[in-house]
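Student: Quick one: structure below, then a few questions.
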Amino acid sequence: MTALRFAGYQPARSVHTRALHALRDGLACRTGGAFTIVVTDSIVAGGRKAADLLAMVASGELDGCYFASSYLASRVPALGVFDQPFQAGPRDAVFAALDDKTGADLAAAVAAATEYGVLGWWDNGIRHISNAVRPIRSPADCAGLRLRTLDNAQHQVAFRRLGFDPVFIDVADLPRAVAERTVDAQENPLTNLVNFDLHAHHRHVSLTGHAPRRPR
């Protein structure tokens, strides 16, 4: 039997971790048990940073993981297509393109510029903004709010123009940053708002739908 090692950074209830479990079970079934995947639900629970996943795969400590495409956008500029604010488009059309030439071209760009190969594309929802200070109904309401973002220059430029003070914080440190008010606001799909218990501290959720989230 050949065992592969895959990991993520979210709890067992998350759509990402459930997808890893489905991949594990499907591979074992299709190969008659000749291949299996050992899944670590969340390296964060073991004290690692979510961003460590990329280095763990590159070094061979892991065989695969999921992560947001935004983390590779600086190395693979073509992935910036996923980070354009308010440009997600209809979900069915986006995934049809990713299953066709667009997805193949992006995968080839990733392989050419990095150590990684794309196994597939999926999303966990459109990104929205939550905060502990006030409702956001116009750009004026964004002024001065310290906002946690992904490590992505395009995102930070867009949020700064809206009036936010954007700062990157690894998702491993996000719950504490929200609870301790290191940041006033954060942006994530609604699933992450619940999975990381951010709703316990952020009373204001603005359904901005400003960007897609497509880990792989």
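The values are calculated or read from the model by the stated rules, or taken from the named source; none is laboratory data. Computed from a predicted structure; not experimentally measured. Here Cβ is always computed from backbone atoms with ideal geometry, including for glycine, and neighbour counts include all displayed protein chains. Accessible surface is based on the protein model in full, side chains and every heavy atom, while ligands, DNA and RNA are left aside. Shrake-Rupley method; radii C 1.70, N 1.55, O 1.52, S 1.80 Å.
Student: Picking from Ala177, Ala96, Ala78, Ala158, which residue would you name as being small (Gly, Ala, Ser) and either in a strand (DSSP E or B) or more than 26 Å from Val15 (Cα to Cα) (or both)?
Tutor: Ala158
A quick yes/no check of all residues on (1) open to solvent by 40 Å² or more (accessible area, probe 1.4 Å); (2) part of a helix (DSSP H, G or I):
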| residue | (1), (2) |
| --- | --- |
| Ala3 | yes, no |
| Phe6 | no, no |
| Ala12 | yes, no |
| Arg18 | yes, yes |
| His21 | yes, yes |
| Arg24 | yes, yes |
| Cys29 | yes, yes |
| Gly33 | no, no |
| Val38 | yes, no |
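Student: While we're on this one: Give me the residue from the range 120-139 that is under 15 Å from the mean Cα position of the chain (by Cα) and not in a loop (DSSP other than H, G, I, E, B) and, out of that set, modelled with the highest pLDDT.
Tutor: Ile129
Student: In the range 199-214, is there at least one residue being in contact (Cβ under 8 Å) with a residue 24 or more places away in the chain, of a type in the set (Val, Ile, Thr) and buried (at least 19 other Cβ atoms within 10 Å of the Cβ)?
Tutor: No, the range 199-214 contains no residue that is in contact (Cβ under 8 Å) with a residue 24 or more places away in the chain, of a type in the set (Val, Ile, Thr) and buried (at least 19 other Cβ atoms within 10 Å of the Cβ).
Student: Same structure, new question: State all residues of the range 40-61 that are part of a helix (DSSP H, G or I) and without any contact (Cβ under 8 Å) to a residue 24 or more places away in the chain; if no residue qualifies, say none.
Tutor: Of everything in the range 40-61, those that are part of a helix (DSSP H, G or I) and without any contact (Cβ under 8 Å) to a residue 24 or more places away in the chain turn out to be Gly46, Asp52, Ala55, Ser59.
Student: Being touching a strand residue (DSSP E or B) at 6+ places or on another chain (Cβ under 6 Å), surrounded by 13 or more Cβ atoms within 10 Å (Cβ to Cβ) and closer than 24 Å to Leu20 by Cα: is that true of Ile136 here?
Tutor: no
Student: What are the residues in the range 140-155 that are assigned to a loop (DSSP other than H, G, I, E, B), buried (at least 18 other Cβ atoms within 10 Å of the Cβ) and under 15 Å from the mean Cα position of the chain (by Cα), if any?
Tutor: Listed by number, the residues that qualify are Leu150, Asn152.
Student: List every residue pair whose Cβ atoms lie under 7 Å apart, where the two residues are 6 or more positions apart in sequence or sit on different chains, the first residue falls within the range 140-160 and is modelled with pLDDT of 90 or more, and the second residue, located anywhere, is of a type in the set (S, T, N, Q) and open to solvent by 30 Å² or more (accessible area, probe 1.4 Å).
Tutor: Listed by first residue and then by second, the contacts come to Thr149/Gln156.
Student: Of all residues being open to solvent by 30 Å² or more (accessible area, probe 1.4 Å) and part of a helix (DSSP H, G or I) in the range 180-195, which is nearest to Ser130 (Cα to Cα)? Just the residue, please.
Tutor: So the residue we want is Leu190.
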